[in-house]
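Okay, so here's the structure we're looking at.
The values are calculated or read from the model by the stated rules, or taken from the named source; none is laboratory data. From a predicted model like this one, the values you see are computed outputs, not experimental measurements. Side chains are part of the model used for accessible areas, which takes the heavy atoms of the whole protein and leaves out ligands, DNA and RNA. Shrake-Rupley method; radii C 1.70, N 1.55, O 1.52, S 1.80 Å.
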Amino acid sequence: MTLDQVRKGSVVQILSIPGAEERAQLIRLGLGEGCRVRCAERLPLGPLVLRCHRQEVALGRNLARRIEVREESE
């Protein structure tokens, strides 16, 4: 499943981030492969808001569509 398919409130683990530039950008934001994140908000036709390590990060749908994740139980 990809990150853009995640429902609000779901907890997922990031499995893979394509592209070195995207991976580096997300690592700077505290998100990387293996990180667990909660989908805090899904804005209609807009970004996803993710919660991780007591911070919120908004990711655009185009990037979220390329990030592989696995849903986890809380």
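Can you tell me the convex hull volume per residue for the chain, based on C-alpha atoms, in Å³ to the nearest whole number?
Numbers: hull volume 5.6 nm³, N = 74.
Per residue, the Cα convex hull of the chain comes to 76 Å³.
Here the convex hull built on the C-alpha positions of the range 9-51 has a volume of 78 cubic angstrom per residue.
Computed from backbone phi with θ = phi - 60° and the Karplus coefficients 6.51, -1.76 and 1.60, the 3J(HN,Hα) list for the range 57-69 is 10, 9, 10, x, 4, 4, 5, 4, 5, 9, 9, 7, 9 Hz; x is used for glycine and proline. Solvent exposure of the chain, expressed per residue, is 62 Å² of accessible area, with all protein chains present and a 1.4 angstrom probe.
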